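Enquirer: Let me give you the structure first, and then I'll get to my questions.
A short reminder: the numbers here are calculations on the coordinates, not readings from a lab. Everything numeric in this text was worked out from a predicted model, so none of it was measured. Positions of Cβ are backbone-derived with ideal geometry, glycine not excepted, and every protein chain shown enters the neighbour counts.
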Amino acid sequence: MKNPLQVTIIDSFKEVHKINFKRYEYPNLMELIIDNYCEEIGDCGGRGMCKTCFVKLVKNPNKEDKDSLKINFTQDPNTMDYLLACQIIVDDCINEMTFKILNDN
């Protein structure tokens, strides 16, 4: 039996949440985070307009090339310093990655 896909989220209180998911189970990482009660983020509902769902990739075991994140996006990010969770596709590429929710804390 194949192991489930899993992503780790570090919330704004520095609590660690390991979340199992199925490929394309959610339209984006923001929805996965909200549905699993980690944190309420994304005031615009995932349209990429409010910039309230910033995350930072802190662990990427799938990284083969230092210039590529190996993440699929609905829209290419402007910077790799932070990413919008609403633009990260929930697929095999984010398996075993760790993202930290960024905010003012």
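Enquirer: Output wanted: per-residue J couplings in Hz (rounded whole) for the range 5-16, from phi through Karplus 6.51 cos²θ - 1.76 cosθ + 1.60, θ = phi - 60°, x for Gly and Pro.
Expert: Going residue by residue, I get 6, 8, 10, 10, 10, 9, 7, 5, 9, 6, 7, 9 Hz, with x marking Gly and Pro.
Enquirer: Can you tell which of N60, N36, N78 shows the greatest fluctuation in a Gaussian network model of the chain with Cα springs below 10 Å?
Expert: N78
Enquirer: Next up: Pick from D91, D35, D11 the residue whose mean-square fluctuation is largest in a GNM of the chain, springs joining Cα atoms under 10 Å.
Expert: D35
Enquirer: Determine the gain in length on full extension of the stretch N20-T52; use 0.36 nm per residue of separation and subtract their C-alpha separation, reporting nm with one decimal.
Expert: 9.2 nm
Enquirer: In nanometres, what is the gap between the two model label sites at S12 and D35, each 7 Å from Cα along Cα-to-Cβ?
Expert: Rounded to a tenth, the inter-label distance reads 2.3 nm.
Enquirer: So, one more: With +1 on each Lys and Arg Cβ and -1 on each Asp and Glu Cβ, how big is the dipole of the chain about its Cα centre, in debye rounded to the nearest 20?
Expert: Once rounded to the nearest 20, the dipole reads 240 debye.
Enquirer: Same structure, new question: Over the chain, what is the mean sequence separation of C-alpha contacts under 8 Å (at least six apart), divided by residue count, expressed as relative contact order in percent?
Expert: Worked out over the chain, it gives 38 percent.
Enquirer: How far is it, in nm, from the label point at T79 to the one at D43 when both lie 7 Å from their Cα along the line to the Cβ?
Expert: Each label point lies 7 Å from its Cα, and together they span 1.9 nm.
Enquirer: Between (i) 13.7; (ii) 15.0; (iii) 14.5, which matches Kirkwood radius over Cα pairs in Å calculated for the structure shown?
Expert: Working out Kirkwood radius over Cα pairs in Å from the coordinates points to (i).
Enquirer: Using helices alone, what [θ] at 222 nm do you get for the chain, with -39,500 (n - 2.57) per DSSP H run of 4 or more residues, divided over all residues and rounded to the nearest 500?
Expert: Theoretical 222 nm ellipticity from helices: -1500 deg cm²/dmol.
Enquirer: For N95, enumerate residues with amide H under 5 Å from its amide H, sequence gap 5+ or separate chain, H modeled in the peptide plane.
Expert: Long-range HN contacts for N95: none found.
Enquirer: Here's another thing I want to ask about it. Search the structure for amide H atoms under 5 Å from the amide H of C50, placed 1.01 Å from N in the peptide plane, and list their residues when 5 or more places away or on another chain.
Expert: Residues meeting the criterion, in which the H sits 1.01 Å from N, are C44.
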